[in-house]
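The next block holds one structure in the form of structure tokens; read it before the comments.
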Amino acid sequence: MSVDQDKVVRPELFDFHGVSMSHYFTDNWENIQNFKARPDDILIATYPKAGTTWASYILDLLYFGQTAPERQTSIPIYTRVPFLEIAVPSMDSGKQLADKLPTTPRLIKTHFPVQFVPKSFWEQNCKIVYIARNAKDNMVSYFHFDRMNMIQPEPGDWSSFHRRFMEGKMVFGSWYDHVSGWWKKKQTYSKLHYIFYEDMVEDTRGEIDKLCSFLGLSPSVEEKDRITGGVSFDNMKKNNMTNYSTIQVMDFKISPFMRKGKVGDWKNHFTVAQNEEFDEDYKKKMKDSTLQFRTEL
Ligand code: PPS
């Protein structure tokens, strides 16, 4: 994707309706809030770095892998599954890309906390797939992402990032509020399928089966085998249509987009003291939630 580098500067965080955001995801707010969802649109929602691209590619293959094979070799995943709220100078906005999507269903990505989702998705009773990842690995992945992605705020050093994550001062706000807000929504909105990244790593095929039953799809066993193989970390890392190598705002010399894809990499980053402080704070922040995450497999 060609981006005018001069117009892309690392943003500052600011409070937006009670959530830490950067202007790249709020500049188009009115248009996004007026987005006209269709009943068959499917929204893929996550806190950043929880497995959005993985889920996007799985859904794209499930719907279009057989009927539109050329799509797989010529259109990057971020164009096939537009990022609704993104608005970066000299790039089509996510809203423009979503409006232009020729497919049925339209697959649309968002990192919004649940209360920011445009109301038409609820009015149209759209299916939503939410992916959540344990906070520790999510934090590590986000740190490396902010290092290499020039439209993200300066990450600072690891220890300041660790603190800011606990304070919820990240783009798209607090991880704790995000995963809990969407979990709460699931209790009343039946068309929300909540997936854990750790379950996808442990048993990708089993999670694809569950996804198919949620979506009402019944691909052949061979097709599911093909998809399970195609969406492995190694294959997605090699695939230029899924590894983000075609995007200019990311500096892969600093860190690749497809970085490790592991559960438990936090152990290579958290000091013993940081882990203790984190666990204590986590218990307080998540005390009212029934959500359970695994931080190792
Ligand atoms: S983004 O920028 O928010 O859309 O990023 P997102 O796609 O949500 O998350 C990127 C992390 O997901 C990992 N990933 C995978 N892990 C395992 N298997 C597969 N197939 C896979 N695809 C993407 C990716 O490597 C990032 O995690 P880290 O821990 O940084 O490697």
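Just a few scattered comments:
- Qualifying residue in the stretch 67-77 (condition: in contact with a Phe, Trp or Tyr (Cβ under 9 Å, 6 or more places away or on another chain), touching a residue at least 40 places away in the same chain (Cβ under 8 Å), farther than 14 Å from ASP41 by Cβ and part of a loop (DSSP other than H, G, I, E, B)): yes
- Taken together, the residues in the stretch 23-41 that are in a loop (DSSP other than H, G, I, E, B), out of contact with any Ser or Thr (no Cβ under 7 Å at 6 or more places or on another chain) and aliphatic (A, V, I, L, M) amount to 0.
- Matching residues in the stretch 261-276 - criterion: being without any contact (Cβ under 8 Å) to a residue 40 or more places away in the chain and of a type in the set (D, E, K, R): LYS267, GLU276
- Residues of the stretch 61-90 that are of a type in the set (Gly, Ala, Ser) and either within 16 Å of ARG226 (Cα to Cα) or over 19 Å from the mean Cα position of the chain (by Cα) (or both): GLY65, ALA68, SER74, SER90.
For every residue, the table says whether it meets (1) more than 20 Å from TYR130 (Cβ to Cβ); (2) crowded, with 19+ Cβ neighbours inside 10 Å.
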site: VAL19; (1), (2): no, yes
site: SER22; (1), (2): yes, yes
site: ASP27; (1), (2): yes, no
site: ILE32; (1), (2): no, yes
site: ALA37; (1), (2): no, yes
site: THR46; (1), (2): no, yes
site: ALA50; (1), (2): no, yes
site: ALA55; (1), (2): no, yes
site: LEU59; (1), (2): no, yes
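- When we screen THR228, THR204 for residues that are β-branched (Val, Ile, Thr), near the ligand (Cβ under 8 Å from one of its atoms) and under 29 Å from MET148 (Cβ atoms), the only hit is THR204.
- Flag if SER245 is within 17 Å of ALA132 (Cα to Cα) and at pLDDT below 95: no
- Residues (out of contact with any Leu (no Cβ under 9 Å at 6 or more places or on another chain), over 18 Å from PHE252 (Cβ atoms) and either touching a residue at least 60 places away in the same chain (Cβ under 8 Å) or not in a loop (DSSP other than H, G, I, E, B) (or both)) located in the stretch 150-163: GLU154, TRP158, SER159, SER160, PHE161, HIS162, ARG163
- The set of residues in the stretch 148-177 being out of contact with any helix residue (DSSP H, G or I) (no Cβ under 9 Å at 6 or more places or on another chain), over 19 Å from GLU280 (Cα atoms), of a type outside the set (Gly, Ala, Ser) and away from the ligand (no atom under 11 Å from the Cβ) consists of ASP157 alone.
- Qualifying residue in the stretch 90-112 (condition: among the β-branched types (Val, Ile, Thr), at pLDDT 95 or above and assigned to a helix (DSSP H, G or I)): no
- Options LEU192, LEU211: the member that is modelled with pLDDT of 95 or more, in contact with a Phe, Trp or Tyr (Cβ under 9 Å, 6 or more places away or on another chain) and closer than 15 Å to LEU59 by Cα: LEU192
- Residue identified as more than 16 Å from the ligand (Cβ to nearest atom), within 20 Å of ASN31 (Cβ to Cβ) and charged (D, E, K, R) among LYS127, LYS95: LYS95
- One residue stands out among those in the stretch 42-62 that are away from the ligand (no atom under 12 Å from the Cβ) and outside any helix (DSSP H, G or I): the one that is farthest from TRP182 (Cα to Cα), which is ILE42.
- Residue match in the stretch 221-233 (condition: part of a loop (DSSP other than H, G, I, E, B) and without any contact (Cβ under 8 Å) to a residue 60 or more places away in the chain): yes
The values are calculated or read from the model by the stated rules, or taken from the named source; none is laboratory data. This one's a predicted model, so the numbers in the text were calculated from it and none came from an experiment. Cβ sites come from the backbone with ideal geometry, for glycine too, and all protein chains shown count toward neighbours.
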